[in-house]
Amino acid sequence: MTRMCGLDDDRRMLERHLLAVQCKLANAEDRSETNDYVKSWMKELKSVAYEADDVLDDFQYEALRRQSKIGKSTTRKVLSYITRHSPLLFRFEMSRKLKNVLKKINKLVKEMNTFGLESSARGEEQQHPWRQTHSKLDDSKEIFGRDGDKKMVVKLLLDQQHQWKVQVLPIFGMGGIGKTTLAKMVYNDKAIQDHFQLKMWHCVSDNFDVIALVKSIIELATNGSSAMPGSIELLQKKLDEVIGQQRFLLVLDDVWNEDKRIWEDELKSLLCSVGGPGSVIVVTCRNKQVASIMSTVKPHELVFLCEEDSWELFSNKAFGNGIEEQADLVTIGRRIVDKCGGLPLALKPMGGLLSSKQKVQEWKAIEQSSIGDNVGGKYEVMPILKLSYKELSSEMKQCFAFCAVFPKDYEMEKDRLIQLWMANGFIQEEGTTDLIQKGEFIFDEFVWRSFLQDKKVVLKSIVYASVTEYETVVCKMHDLMHDLAKEVTDECESIDELTQQKALLKAARHMQMAETKLEQISMLCKGGTYLRTLLAPSDLWKVYCSNFLSRPLKDFKELLHASASLRALQYPPYSSNICKAINAKHLRYLDISGSNIVRLPDSICMLYNLQTLRLMNCSMLQQLPEDMARLKMLIHLYLFGCVSLKCIFPNLGLLKNLHTLTTFLSVLEMALG
């Protein structure tokens, strides 16, 4: 049957074509910036490559399915030849799919050969040691030349102690100059800690919604423990209740609002009606107009770093991997620093980039590029950020671009981010390095090169009958880096963006759903979907939890049915029957944390590719399916807060790939004992 269908030959040919194309992708990416035809070809290639990946993944799923059936009765093996899982039917179906995708990729390969593309030095690109080569990052050692600014701002804040009205101090300057960094230095200063009775930090970004902002401030003042009213009048009363006459410091980070009316008539009147003498609001913004609208104290303008501070910041990165500061590299490095114009967000990625290069000619190539010729605004610093991106390996490029699925200022959890990279196949095992090790290397490299920032360890709590606490590493992405991630991919979309563009979900591959946008699902699904990541945070669904037949829930279930290529899914916690809607073949990441589910359905055991299963805070969960030991690919199983769970499942020891298991000790002992 294999020879008759040519199945194995077609599969090998598909893999060869994909490798041949991959060797020339780097050159094609460069050419696509100036050649619309190559750009269109690359877009079509990505679509076909995803289709090919699904086909090859079908083979893996079938192999895992058959492996899980080993030991079943002879009668059932015979019957399988006339069921939908028949090996005969599988070969015919896969033969049809393979021939279809091969036809498409053969056409693209022929077109590629007319472009005169050059093969990339694939070996050089992939020569990453996949291990840590630099010291663990300490953010405090990355700040240079801002001590004077810090002292001035701290003094300004303390000097307001006799002011009865709330004062507003803006810190303004261009993007990437370090406004948020300075605000954090001030916020964490010992004198400021002692002076203010209440300290709060809120990132505003593009969303200057007064009600949402006031709600966030109330949550910050009460550590998120306060019931929230809906009207502005009740919010004002609540604000006065939780802040009262305390001397407070409120940082509003990354403000863009230029509408004086919204500030003066709506938000200012609310915030200035509370607080004791000496209370201050610090605002960080790029726009001088925003600063002038909001200020009651003379705004503090943050300027470029001086030459020596710029060099210190750059060399701290560039020579941080143990590269010797040889004279030639220092000379070239100082000229590169001049091109960065004293902008920290340009200096750090550039230093991080050069820390991976030890040859003089490599440094010269960077110097001779056109980057940084006119640093003075967003679009002048972008070439520097783009160059740092272009120097990433293909795996790292995909991992970076994926971060655009999250909104600006989103706090990303390191382990979860790596698991989503793994689920989407962005990282592959290499030699003795497993997926987790490589994912951790890429994450740390992103932090080192400033693609990600604000890395820190936080303590998270799951509260039910008792409090379960666990540590996790989180980080954020600078908004200009987020702009870059959005620019280099058209695969990460939000419902808001799709609605504004009047586009369908068909083009999107990764999506995180936003609050109150569920009604728009059905409108976007017309024409099908090729989603590979769908993240729907649990708090989205609380409004619908009392009605399982609500239109949004039904639409979401239809969306799951339509998403046959799904690799990663986080879905609502109030729909225990929705598991049946999941397409089992490709799913590798499933998060149903917070669900009111009592028993996981047996269909979970058919997710043979599943790597990560998150069931945290499923307080009503009592039982797991007995056959979960069939999930041979499972690496992470999270059971924090599953207080009703009495046991896990038999044969836990058969899960040889299991790396993470978070549960209660008594449950674990029952499973192993």
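The values are calculated or read from the model by the stated rules, or taken from the named source; none is laboratory data. The structure displayed is predicted, hence computed values, not measured ones. As a convention, Cβ positions derive from the backbone with ideal geometry for all residues, glycine included, and neighbour counts pool all protein chains shown.
You will find that of E445, E429, E471, the residue that is surrounded by 17 or more Cβ atoms within 10 Å (Cβ to Cβ), among the acidic types (D, E) and in contact with a Leu (Cβ under 9 Å, 6 or more places away or on another chain) is E445 and no other.
When the criteria are applied in full, L498 fails the requirement of being crowded, with 17+ Cβ neighbours inside 10 Å, at pLDDT below 65 and assigned to a helix (DSSP H, G or I). Pairs linking a residue in the stretch 447-461 that is over 8 Å from H478 (Cα atoms) and of a type in the set (A, V, I, L, M, F, W, C) to a residue that is part of a strand (DSSP E or B) and at pLDDT below 90, with Cβ atoms under 6 Å and 6 or more positions apart or on different chains, are V457/E471; L459/E469; L459/E471.
Yes/no per residue for (1) more than 28 Å from Q512 (Cα to Cα); (2) over 19 Å from the mean Cα position of the chain (by Cα):
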site	(1), (2)
T331	yes, yes
G351	yes, yes
Q358	yes, yes
E395	no, no
P407	no, no
W421	no, no
E429	no, yes
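Please work out if Q236 is of a type in the set (S, T, N, Q), in contact with a Ser or Thr (Cβ under 8 Å, 6 or more places away or on another chain) and either surrounded by 14 or more Cβ atoms within 10 Å (Cβ to Cβ) or modelled with pLDDT under 90 (or both). The answer is yes for Q236. Among the residues that make up the stretch 263-281, is at least one of them on the phi < 0 side of the Ramachandran plot and in contact with a Cys (Cβ under 9 Å, 6 or more places away or on another chain)? Yes, because at least one residue in the stretch 263-281 is on the phi < 0 side of the Ramachandran plot and in contact with a Cys (Cβ under 9 Å, 6 or more places away or on another chain). Only residues that are crowded, with 19+ Cβ neighbours inside 10 Å and assigned to a loop (DSSP other than H, G, I, E, B) were counted across the stretch 175-191, and they come to 3. The set of residues in the stretch 4-46 that are surrounded by 14 or more Cβ atoms within 10 Å (Cβ to Cβ) and small (G, A, S) comprises A20, A26, A28, S32. The single residue among I592, I648 that is buried (at least 19 other Cβ atoms within 10 Å of the Cβ), farther than 30 Å from R509 by Cα and in contact (Cβ under 8 Å) with a residue 24 or more places away in the chain turns out to be I648. Between S279, S269, the distinction of being surrounded by 14 or more Cβ atoms within 10 Å (Cβ to Cβ) and assigned by TED's automatic domain parsing to the domain that holds V242 belongs to S279 only. Cβ-Cβ contacts under 8 Å between residues 6 or more apart (or on different chains), taken from a first residue in the stretch 214-225 that is closer than 13 Å to G244 by Cβ to a second residue that is in a helix (DSSP H, G or I) and among the charged types (D, E, K, R), are listed as I218/K238. Of everything in the stretch 339-368, what is over 16 Å from L329 (Cα atoms) and either in a helix (DSSP H, G or I) or at pLDDT below 85 (or both)? Give them in sequence order. Selection gives C340, P344, L345, A346, K348, P349. Can you say whether P383 is of a type outside the set (S, T, Y), modelled with pLDDT under 90 and within 23 Å of A26 (Cβ to Cβ), as far as the supplied structure shows? Yes.
Note on the stretch 195-228: residues that are within 20 Å of C285 (Cβ to Cβ) and among the hydroxyl-bearing types (S, T, Y) total 2.
If you check R91 against the conditions, is it out of contact with any Leu (no Cβ under 9 Å at 6 or more places or on another chain) and either over 30 Å from V303 (Cα atoms) or at pLDDT below 90 (or both)? Criteria not met by R91. With respect to K165, determine if the residue is in contact with a Cys (Cβ under 9 Å, 6 or more places away or on another chain), more than 30 Å from C306 (Cβ to Cβ), in the same structural domain as E241 (by TED's automatic domain parsing) and modelled with pLDDT under 95. It is true that K165 is in contact with a Cys (Cβ under 9 Å, 6 or more places away or on another chain), more than 30 Å from C306 (Cβ to Cβ), in the same structural domain as E241 (by TED's automatic domain parsing) and modelled with pLDDT under 95. Set side by side, the residues L347, L354 differ, and just one is surrounded by 22 or more Cβ atoms within 10 Å (Cβ to Cβ), in contact with an Asp or Glu (Cβ under 9 Å, 6 or more places away or on another chain) and among the hydrophobic types (A, V, I, L, M, F, W, C), which is L354.
Filtered by the rule that a residue be assigned to a helix (DSSP H, G or I) and surrounded by 15 or more Cβ atoms within 10 Å (Cβ to Cβ), the stretch 294-311 gives M294, D309, S310, W311.
When the stretch 226-248 is filtered for residues that are touching a residue at least 24 places away in the same chain (Cβ under 8 Å) and of a type in the set (A, V, I, L, M), the ones remaining, listed by number, are I232, L235, L239, V242, I243.
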